[in-house]
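Heads up, the thing below is written out as structure tokens.
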Amino acid sequence: MKRRHFIFYTVISTAAVSIPFLNCSSPDPELDKKLAMPETLAQTYDEKTIMEIGQAYGKTYPDEYSISDLEKLLTKTETGKSIAGSESTEMINSTLNAMVKKDFQTGDTVVLNGWILSKTEARQCALFTLIKTK
Amino acid sequence: MANNSIIEGDICIIGAGAAGISIAMDWINTPHKVILLEGGGFEYDEKVQELYSGKTTGQRYYPLKSARLHYFGGTTGHWAGWCSTFDEIDFEKRDYIPHSGWPIKKSDIDPYYKKANPIAELGPCEWDWKYWSKQSKTKWNPLFPDESVIWNKIWQFSPPTSFGKKYRDTIVKAKNIHLYTYANVTDIIAVENISSIKEVIVKNYAGKQHTVKAKHFILACCSIQNARLLLSSNKQAPKGLGNDNDIVGRYFMEHLEIKSAEMTLVKPDPLPMYEMNFGVTKARCELAVTADMQRKLRILNGTSSLTPWLAAKKFKPLIEIWSSDDPQKNMDSLMSAARASGETAKEIPEEKLLKSYELYTRIEQAPNPNSRVTLDTEKDSLGMPRASLNWELTPLEKTSIRKIYELIGEQIGRSGKGRVRLNDFLKDPNDFNWPPESTSGGWHHMGTTRMSDDPKSGVVDKNCTVHGINNLHVAGSSCYTTAAAVNPTLTCIALSLRLSDHVKTLL
């Protein structure tokens, strides 16, 4: 694993440690940890960039910028079936990656501080940022 | 030659750049006497170059004095040699681009591209990337295999051919081509009812003046000088020759060349299909938007080149590099910047260098009547009013660039290969300003004597003959109705050869 990726995933783990503090706003902290992994972006950019994107998302979509709202939005799949915290990380990644691809296919993209992103992955960045900064 | 000499021929070509030399060579070994007039000599001459000085207003532009070269061979003397063909859509009337639509189609020029290719010392007249992929030692993998949205447009690279050096002997030795250097045309004289041209007046620095008479006259001095000469030939037609409808000088167009976005890849990739190694690469691709998608998004035609980001970011915008009145000084700065960029690239480990690419735009400027060449009150040393250029862009150029990169961003995201980030000047969709420190042109001057079937909307007709003046023709990119995405030289040569064929039918 590249050092950058290692740091990124470590951050995710660190966030998981602080989950008790998030309980008031997050129904499922374990799920949040899995949702906040924009896989392609994590392989492309460093953690600072992911957080910059997350903050830009918060500024553009303040109504969505809470852990509970982002969790709701990210777990809602196209088929209507919700992503559950009990699913494996791999399974959740796979579902989210498919959603990201679909976003690009259908033009459900956002331009955040210049980055052209799928809405799903932008939300993942926002969730990651909130977890990291709380 | 004695003062007040009269020179006579069948055709008189005014200007010995890419257009004028290409036409002249097309007449070698014909029974016709061709007079080729060049304002400069065979080498750079400061005094002659000074005749190109002029004012600029509007969007920041290069000093006019150094944006063109005034000697035999013209601006090919510092040409980079980038060539590609126009697309079919470039000739179409596009309802979202005011003043678009040529009176000819690409198929009218295609046969002349075949003739133009060897003149510019290019490879075969093949413009499909698959052909060039087979010639390449490295495997070409397009970024987007599905070309329904973004396709791969081929560029070919001339050595580059300096027309002055390459074709000097050919022209000088040709028995029926009579080249006159240091022969600056300062006036065009028409017959009384201005339906044809009788003669042109030539002046030089020795204070001599001569008259050139011919059956046909071809203006081939480049967009700014063609307009300047027509406008200043105003003794018989007060608004200038061919300018009854106030079109001469208007619709000046450039190609916008600007650093636009950064593409970061998941995995480093050398992308050989898009690589450009000056002097070595014979052909490469740029990303281009399909015609259908251009129509759907209502955008201008543009392409995007890819250069490793860490090497490209040290390369200053062209508008900053090319800021001197002295073309040689500018060229030295440009080459020095290119070398520095290359050296930087060598020092960076490949995995880092090939992870991120600068996306650089080349895009047509929308035809704009307010982007124009006029005459200044100040005169040059031969008594000609100097040119004044007002370069003016419209919101459509910026909207188009932004949409092109949103599209590329979506495609790269869809492929899972990486992501794109727009540069600062494109971040706000409601900002239509152009940063003067980074908005560059390609030194491509086009459109001041645009082509149209209607004299009210164009200076020349579909044969490049000035409306209403049956023996005055214009060669080169000043005839372009729209600018297309690609550099103008190859099409300039092709269109000039087409004009040459037309004039042959008139003799």
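Find the helices (runs of 4 or more DSSP H) located wholly in region B:1-71 whose residues include 3 or more that are more than 23 Å from B:H210 (Cα to Cα), and list them. Outline the logic, then answer.
Working: elements: B:18-26, B:46-49, B:64-67.
Passing ranges, in order: B:18-26, B:64-67.
Among the numbered conditions (1) surrounded by 22 or more Cβ atoms within 10 Å (Cβ to Cβ); (2) farther than 21 Å from B:R419 by Cβ, the only one that A:T129 does not meet is (2). In the condition set (1) away from chain A (no Cβ under 14 Å); (2) touching a strand residue (DSSP E or B) at 6+ places or on another chain (Cβ under 7 Å); (3) of a type in the set (A, V, I, L, M), B:L396 is compliant with all but (2).
Yes/no matrix, rows are residues, columns are (1) surrounded by fewer than 24 Cβ atoms within 10 Å (Cβ to Cβ); (2) more than 26 Å from B:A494 (Cα to Cα); (3) in the same structural domain as B:I404 (by TED's automatic domain parsing):
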| site | (1), (2), (3) |
| --- | --- |
| B:N204 | yes, yes, no |
| B:Q225 | no, no, no |
| B:N245 | yes, yes, no |
| B:P268 | yes, yes, yes |
| B:G279 | yes, no, yes |
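Specify which of the listed residues (B:E397, B:E358) is in contact (Cβ under 8 Å) with a residue 24 or more places away in the chain, in a strand (DSSP E or B) and within 28 Å of B:D87 (Cβ to Cβ). Explain how you work it out, then say what you get.
Values: B:E397 fails: in a strand (DSSP E or B).
Exactly one of B:E397, B:E358 is in contact (Cβ under 8 Å) with a residue 24 or more places away in the chain, in a strand (DSSP E or B) and within 28 Å of B:D87 (Cβ to Cβ), namely B:E358.
Taking (1) in contact with a Phe, Trp or Tyr (Cβ under 7 Å, 6 or more places away or on another chain); (2) within 11 Å of chain B (Cβ to nearest Cβ); (3) surrounded by fewer than 24 Cβ atoms within 10 Å (Cβ to Cβ); (4) not β-branched (V, I, T) in turn, A:S118 satisfies each apart from (3).
Only residues that are part of a loop (DSSP other than H, G, I, E, B), touching a residue at least 24 places away in the same chain (Cβ under 8 Å) and more than 8 Å from every other protein chain (Cβ to nearest Cβ) were counted in region B:402-428, giving 1. Scanning region B:180-213 for residues that are over 20 Å from B:N234 (Cα atoms) and part of a strand (DSSP E or B) gives a single hit, B:Y180.
The values are calculated or read from the model by the stated rules, or taken from the named source; none is laboratory data. Since the structure is predicted, the reported quantities are computational estimates derived from the model, not experimental observations. A quick note on method: Cβ atoms are made from the backbone with ideal geometry, for glycine too, and the neighbour counts reach across all protein chains shown.
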